[in-house]
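S.K.: Shown below is the structure under consideration.
The values are calculated or read from the model by the stated rules, or taken from the named source; none is laboratory data. Note that the structure is predicted; figures quoted are calculated from it, not measured. Ideal geometry is used to build each Cβ from the backbone, glycine not excepted, and the neighbour counts take in all protein chains shown. When the accessible area is computed, the model is the full protein with side chains, heavy atoms only, and any ligands, DNA or RNA have been set aside. Shrake-Rupley method; radii C 1.70, N 1.55, O 1.52, S 1.80 Å.
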Amino acid sequence: MTKVMEDTRSKSEVTFPSSDPSCQLHGDLTLPISSSDEDIALLPAIVIVAGSGPVDRNGNAPSMRLNFNIYNRFAQHIHDKPSSDNTSCSGGGGSIAVLSYDKRGAGKSQPILKDKNYFYKLGMMDLVADAVEAVKFVASHPRIDKNRIVLLGHSEGAIILPLICREITNDETSLQPIAGCIFYSGFGENLIDVMAFQRTTLANEVQTMSGPTGWILRRLLTKEYLDKKYNEFMKQVNDDGEPDYVSLMCGLVKQPAKWVREHASYSAEEALSKHVTCHCLAITGQKDFQVRNEYCTRETAKGLVPNAASVEVHRPPNLTHLLRSMEGEAKMMNMKKDYKEMGKLPLDEVVMEITYAWCDRVLFEKQ
């Protein structure tokens, strides 16, 4: 049942099929409240494709005790976005629907037969297929304009957006092409490259640490050690038996092996150039130590998406991976503490202002 909120939003819990018949996907569809279902303009919609890990519709990973509150905050901010006369868009022109959902194996999106390892058995292409199902769901909604659907990918979600565009183009149910893609904190590179970047970043950071802790870590967390552990992990992933997942640290930690193999065989650069023809917005902050921001320059971006209808890129100087800004130096060693505090904050104003303007141009001009 739709819950009517005082701020003129209605956030309904919705369910729709995943690409696995044994699992329904659960999520939130946020719409402006309508006084009547008749004679109302159809709304554009943004479908959020989440980052890596067992992430729910809000961008949180309760099983890992991580609360980032990215996607629920985004839906709130988009609802509250100012219109051209600086008033809220919640009641009409300029309004945008937002769908976010629990990934398979996270939140309420669980299989009929309980399986504690269900999430870790998924591959990258399973996530792609589920995102296509999410687009099908919003495209069939009576209040949504199927010709104005935007994909928003965050982190891993951004990396796989080109594959989602490809599958939608190839879909046999006559889905309309995606109107736009928003790449937050992940544009132009593969997961394997990202992992290498993170190892180098961590090793370099440790080398600058002072005091007794720095002395110890400089001898333990060397680039050679990190690369060695990565190679051992990949040996397990690429075992002849092709396991769906692998167990590390005496079984205390699980990692999805099928997912890693599929990412390792994927070229984001090739997919971007072949399958992205819509309007594009890419934002990666200069204090994001999880992915490179160098791809978010205009010349580089134009080369990555040569067939895009348009491309806009930004590298906010203080922006982090969680789409919040921070003062001071961003450090991987402080990630857990810093991210915990960022999860309590609204999303960065600059990011949202850029996104508002882009949405107005892509979704509402000449409407």
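One line per residue, one yes/no per condition, for (1) at pLDDT 95 or above; (2) closer than 30 Å to VAL362 by Cβ; (3) within 16 Å of the chain's Cα centre (by Cα); (4) open to solvent by less than 10 Å² (accessible area, probe 1.4 Å):
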position	(1), (2), (3), (4)
SER63	no, no, no, no
ILE70	yes, yes, yes, yes
CYS89	no, yes, no, yes
GLY92	no, yes, no, no
VAL98	yes, yes, yes, yes
LYS116	no, no, no, no
PHE119	yes, no, no, no
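Residue-wise test of (1) over 28 Å from TYR339 (Cα atoms); (2) at pLDDT below 95.
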| site | (1), (2) |
| --- | --- |
| LYS254 | no, yes |
| TYR266 | yes, no |
| ALA271 | yes, no |
| THR284 | no, no |
| LEU304 | yes, no |
| PRO316 | no, no |
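S.K.: Open to solvent by less than 10 Å² (accessible area, probe 1.4 Å) and either among the hydrophobic types (A, V, I, L, M, F, W, C) or touching a helix residue (DSSP H, G or I) at 6+ places or on another chain (Cβ under 8 Å) (or both): does that describe ALA134? Working first, answer last.
M.R.: Values: open to solvent by less than 10 Å² (accessible area, probe 1.4 Å): yes; either among the hydrophobic types (A, V, I, L, M, F, W, C) or touching a helix residue (DSSP H, G or I) at 6+ places or on another chain (Cβ under 8 Å) (or both): yes.
For ALA134, the condition - open to solvent by less than 10 Å² (accessible area, probe 1.4 Å) and either among the hydrophobic types (A, V, I, L, M, F, W, C) or touching a helix residue (DSSP H, G or I) at 6+ places or on another chain (Cβ under 8 Å) (or both) - is met.
S.K.: Find the residue count for the stretch 235-259, including only residues that are of a type in the set (Val, Ile, Thr) and open to solvent by less than 40 Å² (accessible area, probe 1.4 Å).
M.R.: Quick first cut of the stretch 235-259, residues of a type in the set (Val, Ile, Thr) only: 237, 246, 253.
Narrowing further to those that are open to solvent by less than 40 Å² (accessible area, probe 1.4 Å): 237, 246.
The qualifying residues number 2.
S.K.: Listed residues GLU232, GLU262, GLU269, GLU299; which is acidic (Asp, Glu), in a helix (DSSP H, G or I) and open to solvent by less than 50 Å² (accessible area, probe 1.4 Å)?
M.R.: Numbers: GLU232 fails: open to solvent by less than 50 Å² (accessible area, probe 1.4 Å); GLU269 fails: open to solvent by less than 50 Å² (accessible area, probe 1.4 Å); GLU299 fails: open to solvent by less than 50 Å² (accessible area, probe 1.4 Å).
None of the others qualify; the one that does is GLU262.
S.K.: Still on this structure, I have one more. Out of everything in the stretch 309-327 that is over 19 Å from the mean Cα position of the chain (by Cα) and assigned to a loop (DSSP other than H, G, I, E, B), what residue ends up being farthest from GLY285 (Cα to Cα)?
M.R.: Narrowing the stretch 309-327 to residues over 19 Å from the mean Cα position of the chain (by Cα): 309-310, 317-318, 326-327.
Then drop every residue that is not assigned to a loop (DSSP other than H, G, I, E, B), which leaves 309, 317-318, 326-327.
Values: ALA309: 24, PRO317: 6, ASN318: 6, MET326: 10, GLU327: 13 Å.
Filtering the stretch 309-327 for residues that are over 19 Å from the mean Cα position of the chain (by Cα) and assigned to a loop (DSSP other than H, G, I, E, B), the one farthest from GLY285 (Cα to Cα) comes out as ALA309.
S.K.: Give the residues of the stretch 166-187 that are modelled with pLDDT of 95 or more and open to solvent by 10 Å² or more (accessible area, probe 1.4 Å), sorted by residue number.
M.R.: Within the stretch 166-187, ARG166, GLU167, ILE178, ALA179 meet the criteria.
S.K.: Could you grab me the full set of residues in the stretch 121-152 that are more than 17 Å from the chain's Cα centre (by Cα) and of a type outside the set (Gly, Ala, Ser)? Before you say what the answer is, go through the steps one by one.
M.R.: Of the residues in the stretch 121-152, the ones more than 17 Å from the chain's Cα centre (by Cα) are 121, 136-148.
Within the stretch 121-152, LYS121, LYS136, PHE137, VAL138, HIS141, PRO142, ARG143, ILE144, ASP145, LYS146, ASN147, ARG148 meet the criteria.
S.K.: For ILE168, only one of the following conditions fails: (1) aliphatic (A, V, I, L, M); (2) part of a helix (DSSP H, G or I); (3) out of contact with any Pro (no Cβ under 8 Å at 6 or more places or on another chain); (4) more than 20 Å from ASP102 (Cβ to Cβ). What is its number?
M.R.: Just one mismatch for ILE168, condition (3).
S.K.: For the stretch 347-359, how many residues meet the condition of being closer than 14 Å to ILE96 by Cα and surrounded by fewer than 16 Cβ atoms within 10 Å (Cβ to Cβ)?
M.R.: Residues of the stretch 347-359 that are closer than 14 Å to ILE96 by Cα, as a first pass: 352, 355-359.
Next, only the ones that are surrounded by fewer than 16 Cβ atoms within 10 Å (Cβ to Cβ) stay: 357.
Looking only at that region, the number is 1.
S.K.: Checking ALA129 against (1) modelled with pLDDT of 95 or more; (2) in a loop (DSSP other than H, G, I, E, B): exactly one of these is not met. Which one?
M.R.: (2)
Let's see how each residue does on (1) more than 18 Å from the chain's Cα centre (by Cα); (2) closer than 21 Å to ALA196 by Cβ; (3) in a loop (DSSP other than H, G, I, E, B); (4) aliphatic (A, V, I, L, M):
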position: ARG292; (1), (2), (3), (4): no, yes, yes, no
position: PRO306; (1), (2), (3), (4): yes, no, yes, no
position: GLU329; (1), (2), (3), (4): yes, no, yes, no
position: MET352; (1), (2), (3), (4): no, no, no, yes
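S.K.: I would also like to ask the following. Which of the residues belonging to the stretch 150-198 are touching a residue at least 60 places away in the same chain (Cβ under 8 Å) and of a type in the set (Val, Ile, Thr)?
M.R.: Across the stretch 150-198, the qualifying residues are VAL150, ILE159, ILE160, ILE164, THR169, ILE178, ILE182, ILE192, VAL194.
S.K.: Then there is this: Which of the residues spanning the stretch 247-259 are of a type in the set (A, V, I, L, M), in contact with an Asp or Glu (Cβ under 8 Å, 6 or more places away or on another chain) and not in a helix (DSSP H, G or I)?
M.R.: If we filter the stretch 247-259 for residues that are of a type in the set (A, V, I, L, M), which is where we start, we get 248-249, 252-253, 257.
Imposing the further condition that a residue be in contact with an Asp or Glu (Cβ under 8 Å, 6 or more places away or on another chain) reduces the set to 257.
Passing the criteria: none in range.
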